[in-house]
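The structure appears right after this line, and notes come after that.
The values are calculated or read from the model by the stated rules, or taken from the named source; none is laboratory data. Not measured: the values here are computed from a predicted model. Here Cβ is always computed from backbone atoms with ideal geometry, including for glycine, and neighbour counts include all displayed protein chains. The area values use the complete protein model at the heavy-atom level, side chains included, leaving out ligands, DNA and RNA. Shrake-Rupley method; radii C 1.70, N 1.55, O 1.52, S 1.80 Å.
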Amino acid sequence: MLITVGTVNSQSKISGTVLSAEDSTAIMGASIYFDGTSIGVSSNQDGDFDISFMDNNSALIITSLGYEALVLDASEILKNPVDSKYYLPFKREELETVYLETDPWSRSRKLRHFRKEFLGRNYAMYNCKIINEDAIKLRYSPSEKTMKATANEPLIIHNEYLGYAISYRLADFELGFQMNGGLLLPYSTYFAGSAYFQPLNKKTGRKVLRNRDRSYYGSSLHFMRSLYKHKLDENNFAIYHKRFQVPTYKFFNISEEGKNRKIELLTDELSILYDKTEQSAIVSKNTFTIDQFGNPSPPEAILLKGIMSEKRISELLPLDYKIN
């Protein structure tokens with residue numbers, strides 16, 4: 001998931017009012033933010049807000065406790081950027097799903113797997129905590145060898161390693177298992193959602209700043225920004241095809257689409273080597289665009305493997321992150 005940092009010019013304001021779809025009353029304290037960024041505000045007592053907008057692929061998300069979230073893409077926003085009314089419907093109680101198959105796993109076992117695959121299997125994970133784990137519903141299916149997770153409210157994550165409080169709306173989570181040497185082990189992880197970043201503390205220490213830079217270099221965000229700016233070589237990314245290094249842009253068809261870059265992979269899969277040590281790969285079946293933040297869209301058009309895919313929530317940076 002994953003800006004031409006110093007040169008963003010097309011910035012404007014979006015303003016509006018957040019209202020209840022039931023009775024048109026103002027919703028105070030609604031969160032309005034661009035997905036994956038730290039760009040966000042809250043509505044005032046009259047439901048009013050205004051927020052800075054920069055050309056990007058991130059959806060604008062409007063959400064409030066007890067209401068369904070409203071997700072708007074950039075084209076919808078720009079149709080009426082000023083004084084628009086945004087109506088949120090009440091969240092309806094869902095009936096519990098009836099399962100014919102018994103779940104044999106304890107909640108603690110499922111939570112251990114969820115934490116590792118969602119937060120990441122690295123040192124940063126141990127400095128990252130989900131505050132409201134009770135909101136997570138988990139179920140393991142023995143016949144399918146999969147574990148699924150849902151949440152009825154945004155997950156609040158305190159990431160001490162990177163110094164962020166993250167509000168994460170979990171849309172989907174599925175963890176697949178397979179037998180290996182007589183052991184049932186995870187082999188595939190998929191999750192999707194939207195994130196809003198806020199500073200965890202008023203002052204960010206030097207150690208946290210170093211951690212942020214360490215997480216950024218070699219990440220998918222670093223790669224996408226480098227591809228956007230046509231600076232893969234300068235940023236120590238080498239491209240391989242079928243085990244052999246190839247000219248960096250040989251298998252990328254890159255064209256301009258407004259301020260975005262339209263990318264088409266001319267082969268099924270490319271390997272990526274960062275700084276001669278970190279191995280990853282990119283798979284794409286469809287064209288996608290990259291915006292000034294380094295945000296690819298649609299996210300489902302690409303699949304990342306290797307080191308880039310292993311950097312999970314504990315090393316996730318906002319799309320508007322600026323390197324120190």
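Which of the residues belonging to region 260-299 are of a type in the set (A, V, I, L, M, F, W, C), farther than 21 Å from Leu319 by Cα and touching a Gly at 6+ places or on another chain (Cβ under 7 Å)?
Across region 260-299, there are no qualifying residues.
Any idea which residue in region 36-56 is most open to solvent (accessible area, probe 1.4 Å), counting only those that are part of a loop (DSSP other than H, G, I, E, B) and among the hydroxyl-bearing types (Ser, Thr, Tyr)? If you could, list the steps in order and put the result at the bottom.
As a first pass, look at region 36-56 and keep what is part of a loop (DSSP other than H, G, I, E, B): 36, 38-39, 43-47, 55-56.
Pick out the ones that are also among the hydroxyl-bearing types (Ser, Thr, Tyr) and you get 38, 43.
Working: Ser38: 53, Ser43: 8 Å².
Filtering region 36-56 for residues that are part of a loop (DSSP other than H, G, I, E, B) and among the hydroxyl-bearing types (Ser, Thr, Tyr), the one most open to solvent (accessible area, probe 1.4 Å) comes out as Ser38.
Just checking, which of Asn159, Asn152, Asn122, Asn132 is in contact with a helix residue (DSSP H, G or I) (Cβ under 7 Å, 6 or more places away or on another chain), at pLDDT 95 or above and either open to solvent by 100 Å² or more (accessible area, probe 1.4 Å) or not aliphatic (A, V, I, L, M) (or both)?
Working: Asn152 fails: at pLDDT 95 or above; Asn122 fails: at pLDDT 95 or above; Asn132 fails: in contact with a helix residue (DSSP H, G or I) (Cβ under 7 Å, 6 or more places away or on another chain).
Every option except Asn159 fails the conditions.
Scan the strands (runs of 3 or more DSSP E) fully inside region 181-280 and keep the ones with 2 or more residues being within 29 Å of Ala171 (Cβ to Cβ) and modelled with pLDDT of 95 or more.
Numbers: elements: 183-199, 237-241, 252-257, 260-265, 269-274.
In region 181-280, the matching strands (runs of 3 or more DSSP E) lie at 183-199, 260-265, 269-274.
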